Amino acid sequence: MKSTSFLLLLAAGIGVGSRAIAPAQEALQFGAATYSTAHREWILPLQIRGPLSYRLEWSTNLVDWAAAYSGSGSGTLLHTSTPSARILSQFYRARQLEDASALTGDHFPTADGEAVIHPIHHASLLLAWQGRAIYSDPVNTNLLQGLPKADLILLTHTHSDHLDAAALNFLRTTRTVVAAPRDVYNTLSASLKTNTLVLTNGAATNALGVRIEAVPMYNLTTATPFHVKGAGNGYLLTLGGRRIYISGDTENSPEMKALKDIDVAFLSVNQPYSMTVSQAVNDVNAFLPGIVYPFHHSGTDVLPLKRQLEANPAVEVRLRKWY
Ligand SMILES: [Zn+2]
Ligand SMILES: [Zn+2]
């Protein structure tokens, strides 16, 4: 029988503590959780006699469980949990998975199954949903080894940290659909062009059950803008009733601030190419995405972004490993 381990976690502000409520198991075992005041989140160590794949799930009542994360590895792996003022206590359990090659990442419920968010590097990310692999700005073939072939690829603009012909050739199949602005389309190979939907700012299309809307991405405050309005696309995806926004390299445009009902937002945070931390804080407070992933942040410290937004209970900022 596969191993399962349980942990009870009390939300900060209600009580501070954690307790393992099941005896140590052979393969998976929680260590004592600690609260990081710097990051304002719980650190949950999971001790794994592996290598193996596992699924971390959470519950408020020990009856209804939702997946939080899938991972793989061995040794002590650290997970984070941002306490919610709305939840008095959280239970976590970790279960060993039969499928040793399960995609790692945060799980996200939709009306049509779970989506998995898998950060790759910088601006490159993979969303897995309904057996489909949806990439945004995949670059660097070395970082794509072991990942699934692409069903859908979103390309934001022509900069080399977003567009890499070798990576596209590595991920594509004859059925892969690409969505891109005209400037990107013009750089693609003839064979890839035949599978590419060209979207201008404000245009929308449907592909593989996903609604794709192109949102402008551009600089407003830099004297010589790295990104001119109209050349690139951010994307608003709707899948399984959930709305996911991928900003592209943009500053705090009025189009972004006007977005509504965003469940997950990936925000590019590094001036002079994209947002400053304070711009991002203002934007998030304006359009209130439920979950924010700062990415494309390179040398910018995004911890202040999390701290400045912690007073807003509508928003959870997730700092993940993009580098
Ligand atoms: Zn750029
Ligand atoms: Zn960039």
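Here are some notes:
- Pairs of lysine residues in the stretch 110-317 that meet both criteria, 8 or more places apart or on different chains and Cα atoms under 26 Å apart, total 6.
- The value of relative contact order for the stretch 110-317, using C-alpha pairs under 8 Å at least six residues apart, is 13 percent.
- Gaussian network model of the chain, springs between alpha carbon atoms under 10 Å - residue of 143, 171, 155 with greatest fluctuation: 143
- Table column - 3J(HN,Hα) (Hz), the stretch 134-151, Karplus curve with 6.51, -1.76, 1.60, x for Gly and Pro: 10, 9, 10, 6, x, 9, 6, 3, 4, 7, 9, 4, x, 8, x, 4, 8, 8
- Between the stretch 37-74 and the stretch 111-139, the Cα center-to-center distance that results, in Å: 20 Å
- The string of couplings for the stretch 104-118 from the Karplus curve (6.51, -1.76, 1.60, θ = phi - 60°) is 8, x, 6, 8, 9, x, 10, 5, 10, x, 7, 9, 10, 9, 10 Hz, one whole number per residue in order, with x for Gly and Pro.
- Furthest towards positive pole of dipole, 272, 144, 198, structure part the stretch 110-317, Cβ charges: 198
- Label-to-label distance, residue 43 versus residue 142, with points set 7 angstrom from Cα along the beta-carbon direction: 2.9 nm.
- Remark: the residue 99-residue 191 segment gains 29.7 nm on full extension, using 0.36 nm per residue and subtracting the alpha carbon distance.
- Near residue 197, the amide H atoms lying under 5 Å from its own belong to 178, 179, 180; only residues 5 or more places off or on other chains count, and H is placed 1.01 Å from N.
- Cα centroid separation, the stretch 165-188 to the stretch 257-279 (Å): 25 Å
- Rounded to the nearest 20 debye, the dipole size of the chain about its Cα centre is 280 debye, using +1 on the Cβ of Lys and Arg and -1 on the Cβ of Asp and Glu.
- The HN-Hα couplings worked out from phi for the stretch 158-173 by the Karplus form 6.51 cos²θ - 1.76 cosθ + 1.60 (θ = phi - 60°) are 8, 4, 5, 7, 10, 10, 9, 4, 5, 5, 5, 5, 5, 8, 6, 10 Hz, whole numbers, x standing for Gly and Pro.
- Helix axis angle, 277-287 relative to the chain longest principal axis, alpha carbon, degrees: 90 degrees
- Percent of Cα-Cα distances greater than 25 Å, calculated over the chain: 52 percent
- Reduced Cα scattering model of the stretch 170-247, Debye log10 I(q)/I(0), q = 0.19 Å⁻¹: -0.87
- Within the chain, longest stretch free of exposed trypsin sites (Lys or Arg not before Pro) [DSSP loop, at most 12 other beta carbons within 10 Å]: 87-174
Readers should treat all values here as calculations from the given coordinates under stated rules, not as data from a laboratory. Because the structure is predicted, anything quoted here is derived from the model rather than measured. When we count neighbours, we look across all protein chains shown, and the Cβ atoms used for this are built from the backbone with ideal geometry, even at glycine.
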